[in-house]
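None of the figures in this text is laboratory data; all of them are computed from the coordinates on show. In this text the structure is predicted, and so the values were computed from the model without any measurement. Here the Cβ positions follow ideal geometry from the backbone for every residue, glycine too, while neighbour counts run over all protein chains shown.
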Amino acid sequence: MKKLLLLLIMTYAVNAQTVKKITFSGGAPLDSFQAKTIIPLLKEAFKRENIEFEAKYFPSLRSLAKSNKGITDGELYRIYNFAKVTNNKYKNLIRIESKLLSFHICAFSNKDLNITKWEDLKDYKVAYVRGKKNAQKNLQRFLRKDKIIKVSDAKQSFEMLRYKRVDIVISDREFFDKLNKNDTRFASIKEVGELGEVKMYSYMNKKYKELAVKIANRLDEMKKDGTYINILNKARSIND
């Protein structure tokens, strides 16, 4: 029985040297700051392994389903403790052990509020992007179900806030800074509290376990040789 199990594992795994192309999906539009930073980082890392890299967008939960089933090969970015906050629901996804970015998760409102922790949200109607597991878990701890509003994308949540359909939006600071800079309709909205820093990593389907280790090493290599910071600075300049 043990020999059969080992044979199945060996059959399921993919030899990194045979891979020619990899496709990751992401739960946020590919023109977002995060995607515009992470995609070129991954392209370069996979290029150094002579592998073509492609990114696609699907709504967050659909993206997860596809990568977990192996229809796509991985997730562009998810939080470091993704397995924990999802109660290990997506068992086929493994983390590429090299941090890509950090984001600041904040509360935004057009009211004069002071939010310092998740519990402070309990008296308000709060919107967040469906599939953001960290936000979902924290909101469900402190808010009634009817106070939690799930939306398809971050801009939609700020539209709801602008029309006072919700009291607070949970989103990352980097996204709002760009939105507010490019669209004066959101000028009345402001950050009313920071809820924590989120460290972002890419994930791969576990059949690429060997390749995931190689890509982590390539990303670390890029951090040492200056490629990482050059790509990050370029993305920031485009975003500005």
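Neighbours of Phe186, meaning other residues whose beta-carbon lies under 10 angstrom from its beta-carbon, give a summed charge of +3 when Lys and Arg score +1 and Asp and Glu score -1. Extent of the chain along its three principal axes (Cα atoms, max minus min coordinate, largest first): 61, 45, 25 Å. Taking the C-alpha atoms only, the angle from helix 209-225 to the longest principal axis of the chain is near 70 degrees. Looking at the stretch 102-197, the DSSP beta bridges with both ends there are about 60 percent antiparallel.
In the stretch 102-197, the C-alpha radius of gyration followed by the widest Cα-Cα span (Dmax) gives 11.9, 34 angstrom. Rounded to the nearest Hz, the phi-derived 3J(HN,Hα) couplings of the stretch 126-143 under the Karplus curve 6.51 cos²θ - 1.76 cosθ + 1.60 (θ = phi - 60°) are 10, 10, 8, 7, 3, x, 7, 5, 5, 5, 4, 5, 5, 5, 5, 6, 10, 10, where x marks glycine and proline. Here the gap between Lys69 and Glu54, fully extended at 0.36 nm per residue and compared with their Cα-Cα distance, gives a gain of 3.6 nm. Considering helices alone, the calculated mean residue ellipticity of the chain at 222 nm is -12500 deg cm²/dmol, with DSSP H runs of length four and up weighted by -39500 (n - 2.57) and normalised per residue. For the chain, DSSP calls about 60 percent of its internal beta bridges antiparallel. Between the stretch 179-224 and the stretch 28-86, how far is it from one alpha carbon centroid to the other, in angstrom? That distance is 10 Å. Full extension of the chain segment joining Gln156 with Lys111 gains 14.4 nm, where the gain is 0.36 nm per residue of separation less the Cα-Cα distance.
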